[in-house]
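Asks: To start, I am sharing the structure in question, which I have written as structure tokens.
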Amino acid sequence: MFTQSQGNKKVVGVVGELQLDVLKYRLLNEYGARVEFKPMPAFKAFWLQYNDADEIAELLRFRSHSLYQDKDNNLVFIAGSEFALKMAGDNNPQVTFLSAIEHNAQTLLLDETNKGMFE
């Protein structure tokens, strides 16, 4: 789950609609919680690796609607299309767009990189 940086919008990332159906079923049957999901046009989520706030200034200024926090408070860019990803990458060459992170040294590196940025 991702929380939009500007606001409180929640996004559940899944590979296909079946995962949403399973989540909806489990929330209802295990917790009594009824939910409705709205589709969001998105190409893919990318975790951002950067050294300081200056490196992501363009993203914060012009693409803040596409920036989210993951459960560990790492900054994530959800690209609406391949073109949006290319433009973000071209305009932010100092930022690395990671298509996945693992709970290993890379995660620790992201934690240190982003520490204090959005607290």
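Asks: For the subset of the stretch 1-11 comprising residues that are surrounded by 12 or more Cβ atoms within 10 Å (Cβ to Cβ) and out of contact with any Leu (no Cβ under 7 Å at 6 or more places or on another chain), which member is nearest to residue 60 (Cα to Cα)?
Replies: Step one: filter the stretch 1-11 for residues surrounded by 12 or more Cβ atoms within 10 Å (Cβ to Cβ), giving 2-5, 9, 11.
Pick out the ones that are also out of contact with any Leu (no Cβ under 7 Å at 6 or more places or on another chain) and you get 2-4, 9, 11.
Details: 2: 17, 3: 15, 4: 12, 9: 17, 11: 19 Å.
Result: 4.
Asks: I would also like to ask the following. Checking the condition over 12 Å from the mean Cα position of the chain (by Cα), open to solvent by 80 Å² or more (accessible area, probe 1.4 Å) and at negative phi, which residue from 23, 59, 27, 18 passes?
Replies: When all the criteria are applied, what remains is 18.
Asks: Given the structure, is residue 57 of a type in the set (A, V, I, L, M), free of Cβ contacts under 8 Å to residues at least 12 places away in the same chain and farther than 20 Å from residue 97 by Cα?
Replies: Considered against the rule, which asks whether it is of a type in the set (A, V, I, L, M), free of Cβ contacts under 8 Å to residues at least 12 places away in the same chain and farther than 20 Å from residue 97 by Cα, residue 57 comes out as no.
Asks: Sort out which residues of the stretch 43-61 are at pLDDT below 90 and not in a helix (DSSP H, G or I), and write them in order of number.
Replies: 52
Asks: Also, quick follow-up: Of all residues in the stretch 64-94 being outside any loop (DSSP other than H, G, I, E, B) and either in contact with a Pro (Cβ under 8 Å, 6 or more places away or on another chain) or of a type in the set (Asp, Glu) (or both), which is most open to solvent (accessible area, probe 1.4 Å)?
Replies: 82
The values are calculated or read from the model by the stated rules, or taken from the named source; none is laboratory data. Bear in mind that the values here come from a model prediction, so they are computed numbers and not experimental data. All Cβ positions, even for glycine, are placed from backbone atoms using ideal geometry, and neighbour counts span all protein chains on display. Please note that ligands, DNA and RNA were not included when accessible areas were found on the heavy atoms of the full protein model with its side chains. Shrake-Rupley method; radii C 1.70, N 1.55, O 1.52, S 1.80 Å.
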